[in-house]
Amino acid sequence: MSKILQTTKTTFTDSRTWDDQKKILVILAHPDDPEFFCGATLAKWAGEGHQITYCLLTHGEKGTNTEFSDIDYIKEIREKEQKEAAFAIGAQKVLFMNHPDGFLEATLSLRKELVQVMRKEQPDIVVSCDPSNFFIHGESINHPDHRAAGLAVVEAIFPAVQNDDFYPELLDEGFNSHHIQELWLSLPLEANIVVDVTMQWETKIAALLKHKSQIGNSEVFKDRMKNRGKVIFGKKKYFEEFHRLVIRK
């Protein structure tokens, strides 16, 4: 049985992450989660030639606000916005699972769904959300859907995706077991890899602006995003953090 090997030292990556082309599957709860959590890193990977697919577990239909309350068409609107944002990042495909927004749970049925998705898409790398992070930077409450999505992904990857003894009925349907090489968890409680995404930050902002129903005033939003950088040796730099797990056969 495979083992998950966890690196403990926080490292920075500025050059190409992998030497060969990877298939990357991003599994998160809501439209706009990929762009907010790790959009610049995804843009970096897309620019390096890696193939990126999104899988969103809900349509984010509870994402209404004082400026946006068109609940009759919100699923369609958010799906359209997410596809436009994903393509701005450089993703090739967007999948939607129609679980109810705000009530996502890491159930056995969701685990099976994700095993099927991962066996079908055959990714080398999976990106999700750290299920152990209840409080983002110790300052705000992490949405329960985020944690549920991450937990369901973790429990599906190990050991079920790669083990024929789990869900043999999926084998009969042509969904063969598959080894995933790495799991990258965004919004980490403890980061062990930090990606310099200064060159991709404008792409991240441009993709997020596609989520018009969610961002409010675009100029205020752009200023807020640009202020997230850190000044290092007199230059503004931007980073995204992950907890990276390497899964050995």
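Criterion first (among the aromatic types (Phe, Trp, Tyr), under 28 Å from Thr17 (Cα atoms), touching a residue at least 12 places away in the same chain (Cβ under 8 Å) and touching a strand residue (DSSP E or B) at 6+ places or on another chain (Cβ under 8 Å)) does Phe134 satisfy it?
No: the conditions fail for Phe134.
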> Which numbered condition trips up Thr17, out of (1) more than 16 Å from Asp124 (Cα to Cα); (2) at pLDDT below 90; (3) hydroxyl-bearing (Ser, Thr, Tyr)?
Replying inline: (1)
> Which of the following residues is assigned to a helix (DSSP H, G or I), at pLDDT 95 or above and among the acidic types (Asp, Glu): Glu219, Glu240?
Replying inline: Glu219
> If you go through segment 24-33 one residue at a time, do you hit one that is among the acidic types (Asp, Glu), closer than 24 Å to Pro188 by Cα and part of a helix (DSSP H, G or I)?
Replying inline: yes
> Going through segment 222-232 one residue at a time, which ones are assigned to a loop (DSSP other than H, G, I, E, B) and modelled with pLDDT of 90 or more?
Replying inline: Asn227, Arg228
> Can you pull out the residues in segment 185-241 that are closer than 21 Å to Ile136 by Cα and among the β-branched types (Val, Ile, Thr)?
Replying inline: Ile193, Val194, Val195, Val197, Ile205, Ile215
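Residue-wise test of (1) over 17 Å from the mean Cα position of the chain (by Cα); (2) at pLDDT below 95; (3) closer than 16 Å to Asp124 by Cβ.
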residue	(1), (2), (3)
Pro168	yes, yes, no
Leu171	yes, yes, no
Phe175	yes, no, no
His178	yes, no, yes
Leu189	no, no, no
Val195	no, no, no
> Which ones in segment 102-114 are in a helix (DSSP H, G or I) and in contact (Cβ under 8 Å) with a residue 60 or more places away in the chain?
Replying inline: Leu114
>> Quick test for you: out of Ile215, Ile193, Ile157, Ile180, pick the one residue that is within 26 Å of Ile77 (Cα to Cα) and among the aliphatic types (A, V, I, L, M).
In response: Ile215
> From the set of residues in segment 94-144 that are touching a helix residue (DSSP H, G or I) at 6+ places or on another chain (Cβ under 6 Å) and of a type in the set (A, V, I, L, M), which is nearest to Lys62 (Cα to Cα)?
Replying inline: Leu104
>> If the requirement is being modelled with pLDDT of 95 or more and within 22 Å of Trp45 (Cβ to Cβ), which of these qualifies: Val127, Val115?
In response: Val127
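In the list Phe96, Phe135, Phe68, Phe103, which residue meets the criterion of being under 17 Å from the mean Cα position of the chain (by Cα) and aromatic (Phe, Trp, Tyr)?
Within the list Phe96, Phe135, Phe68, Phe103, the selection yields Phe96.
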> Which one of Arg224, Arg147 is under 22 Å from His59 (Cα atoms), free of Cβ contacts under 8 Å to residues at least 40 places away in the same chain and not hydrophobic (A, V, I, L, M, F, W, C)?
Replying inline: Arg147
> Which is touching a Leu at 6+ places or on another chain (Cβ under 7 Å), of a type in the set (Gly, Ala, Ser), within 29 Å of Arg248 (Cα to Cα) and buried (at least 21 other Cβ atoms within 10 Å of the Cβ), of Ala29, Ala43?
Replying inline: Ala29
>> Condition (residue is surrounded by 14 or more Cβ atoms within 10 Å (Cβ to Cβ), in contact with a strand residue (DSSP E or B) (Cβ under 7 Å, 6 or more places away or on another chain), within 17 Å of Leu185 (Cβ to Cβ) and not β-branched (Val, Ile, Thr)) applied to segment 81-94: is it met by at least one residue?
In response: no
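The values are calculated or read from the model by the stated rules, or taken from the named source; none is laboratory data. The shown structure was predicted, so the numbers you read here are calculated from the model rather than taken from an experiment. Neighbour counts are summed over all protein chains in view; Cβ atoms, including those assigned to glycine, are modelled from backbone coordinates with ideal geometry.
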